[in-house]
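Report on the structure given below.
The values are calculated or read from the model by the stated rules, or taken from the named source; none is laboratory data. This one's a predicted model, so the numbers in the text were calculated from it and none came from an experiment. Positions of Cβ are generated from backbone atoms using ideal geometry, with glycine treated the same way; all protein chains shown enter the neighbour counts. Surface accessibility is based on the protein's heavy atoms, side chains included, excluding ligands, DNA and RNA. Shrake-Rupley method; radii C 1.70, N 1.55, O 1.52, S 1.80 Å.
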Amino acid sequence: MWGGRFAEGPSAIMREINASIPFDKALWQQDIAASKAHVAMLAAQGIVSATDAETIAGGLDRVAQEYADNGVPEDWDLEDIHMTTESRLAELIGPAAGRLHTARSRNDQVATDFRLWVRQAIDQAEAGLVALQRALVTRAEEHAASIMPGFTHLQTAQPVTLGHHLMAYYEMIRRDRSRFADARVRMNECPLGSAALAGTGFPIDREATAKALGFDRPTGNSLDAVSDRDFALDYLQAAAQTSLHLSRLAEEMILWASQPFGFVKMPDTLSTGSSIMPQKKNPDAAELVRGHSGRIVGCLTALTVTMKGLPLAYSKDMQDDKPPVFEAAGLLALSIAAMTGMVADSTFVTARMRQAAELGYATATDLADWLVRQADIPFREAHHITGAAVKLAESKGVALEALTMEELQAIDSRIDERVYAALSVESSVAARASYGGTAPEQVQRQVSAARKLLGMEG
């Protein structure tokens, strides 16, 4: 490959550190597609003959079939997927294979192949996230009026509905999808034709290759095109943020499945047992999603640090760009699928959720609000009165609404019988009817809008 410039071949150490074929063989489909687009353009521009172009395209199809049938061979002397493919092409069709590399470099080859791969990964993430949103919306509609405690600081705060809680994750995933979509728009420019760094003296048609590969346009600067990995970082940033949201949902499912909570029963298909304790049903899938989030964030950090301070244009450091992206994409796909199955197939124990909301004094704010509205008491004073009522209920081991009128009036004489209408958890959630609130009617409103956006109508 290096021709007459070097008198000796690389040492065994150089051969091993330099080879990327063990991981960049994952780009073989993109490499074949880009090569076919490139040679078709070369023929259209009269740079290679139509006969040679046809022979090369046919040979590339044969190589692709071999890869599909038997996998990509790993010859470290050939270093990477580009030289592996070109070498096999030469074995199949002879000297004509040497014309394929006219007006291109491995620098713009890998930049193009990698963009194509990341673009596909974005599309796969989008499809997975839509499926997760549909699962969330379906369960939210089912539980639009199912009452549970809402938490701050993991302490019972106010009653909410399970549907409202699930729709919070729908909103997170909506933002995740928008980040992937933005990344896709920015990255959809074609580097092919930038050659090594300065462009080429051949009369190529970069618009044609960009169009053939589904890009919006060719990149505008050849130096930037071969040295840019923003598209990979954009993908990893979107993946990392998505993984944080999946991890939060996984953590809540883990907590809810524990015996002290008892809010949910995980599907058997996403749980495991213990080798020694027969009663155990461990939420391992959720725990692994939580763990994968750390690894995905690590992938983002790895590539960020790799790219820090690199001079233009291409440096061999950039060979290490693909492993973190490949790893993150695999982990993200598994995490999305696991959480989709978990949401769709878990059994929510709504009676236990409602009981927890009652015993956690989640309607305390409603009592304070009632004192402000009905007794014209300043909120800070109402807050103090409510705190005394909660303390009394807690000492008796009962819900706020179980306190007698005599007990409530002993705390403050301005409380009357009307207060009981405000103290039930049903009244509390129904009162939160502001746009985006937890009232069942508002949850259903958001569910209906989401179903329309997700094409779930009819």
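Structure notes:
- In the range 407-458, residue surrounded by the most Cβ atoms within 10 Å (Cβ to Cβ) [restricted to those that are modelled with pLDDT under 95, closer than 19 Å to Val160 by Cβ and among the charged types (D, E, K, R)]: Arg432
- From the options Ala338, Ala328, Ala357, residue that is among the small types (Gly, Ala, Ser), open to solvent by less than 60 Å² (accessible area, probe 1.4 Å) and within 30 Å of Ser222 (Cβ to Cβ): Ala328
- Against the conditions (1) β-branched (Val, Ile, Thr); (2) free of Cβ contacts under 8 Å to residues at least 40 places away in the same chain; (3) under 22 Å from Val325 (Cα atoms), Ile93 satisfies every one except (3).
- The range 360-458 holds helices (runs of 4 or more DSSP H) entirely within its bounds, and those carrying 3 or more residues that are in contact with a Leu (Cβ under 7 Å, 6 or more places away or on another chain) map to 364-375, 379-396.
- Which listed residue, of Phe231, Phe215, Phe180, Phe151, is open to solvent by 40 Å² or more (accessible area, probe 1.4 Å) and among the aromatic types (Phe, Trp, Tyr): Phe151
- Qualifying residue in the range 135-149 (condition: among the charged types (D, E, K, R) and without any contact (Cβ under 8 Å) to a residue 60 or more places away in the chain): yes
- The condition (being more than 17 Å from His245 (Cβ to Cβ) and either touching a helix residue (DSSP H, G or I) at 6+ places or on another chain (Cβ under 8 Å) or assigned by the TED database to the domain that holds Ser194 (or both)) is satisfied by just one residue among His164, His82: His82.
- Flag for Gly220 being open to solvent by 30 Å² or more (accessible area, probe 1.4 Å) and either within 19 Å of Asn107 (Cβ to Cβ) or β-branched (Val, Ile, Thr) (or both): yes
Results for (1) at pLDDT 95 or above; (2) among the acidic types (Asp, Glu); (3) in contact with a helix residue (DSSP H, G or I) (Cβ under 9 Å, 6 or more places away or on another chain); (4) in the same structural domain as Glu91 (by the TED database), shown as yes or no for each residue.
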| residue | (1), (2), (3), (4) |
| --- | --- |
| Gly3 | no, no, no, no |
| Phe6 | no, no, no, no |
| Ala19 | no, no, yes, yes |
| Lys25 | yes, no, yes, yes |
| His38 | yes, no, yes, yes |
| Ala43 | yes, no, yes, yes |
| Ala53 | yes, no, yes, yes |
| Leu60 | yes, no, yes, yes |
| Ala68 | yes, no, yes, yes |
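- Summed over the range 279-297, the residues that are open to solvent by less than 50 Å² (accessible area, probe 1.4 Å), in contact with a helix residue (DSSP H, G or I) (Cβ under 7 Å, 6 or more places away or on another chain) and not aliphatic (A, V, I, L, M) give a count of 3.
- Selection within the range 147-174: residues that are in a helix (DSSP H, G or I) and in contact with a Ser or Thr (Cβ under 7 Å, 6 or more places away or on another chain). The member of this set that is nearest to Phe263 (Cα to Cα) is Leu162.
- Residue that is in a loop (DSSP other than H, G, I, E, B), in the same structural domain as Ile122 (by the TED database) and in contact (Cβ under 8 Å) with a residue 40 or more places away in the chain, where the choices are Ala195, Ala183: Ala195
- Residue match in the range 110-133 (condition: closer than 30 Å to Asp366 by Cα and either of a type in the set (Ser, Thr, Tyr) or surrounded by fewer than 19 Cβ atoms within 10 Å (Cβ to Cβ) (or both)): no
- One residue alone among Ala90, Ala140, Ala144 is among the small types (Gly, Ala, Ser), outside any helix (DSSP H, G or I) and over 18 Å from Ala329 (Cα atoms), and that residue is Ala144.
- Pairing residues of the range 445-457 that are of a type in the set (Lys, Arg) with residues that are at pLDDT 95 or above, at Cβ distances under 8 Å and at least 6 apart in sequence or on separate chains, gives Arg451/Val137; Arg451/Glu141.
- Of all residues assigned to the range 254-269, at least one qualifies as being buried (at least 20 other Cβ atoms within 10 Å of the Cβ) and not aliphatic (A, V, I, L, M).
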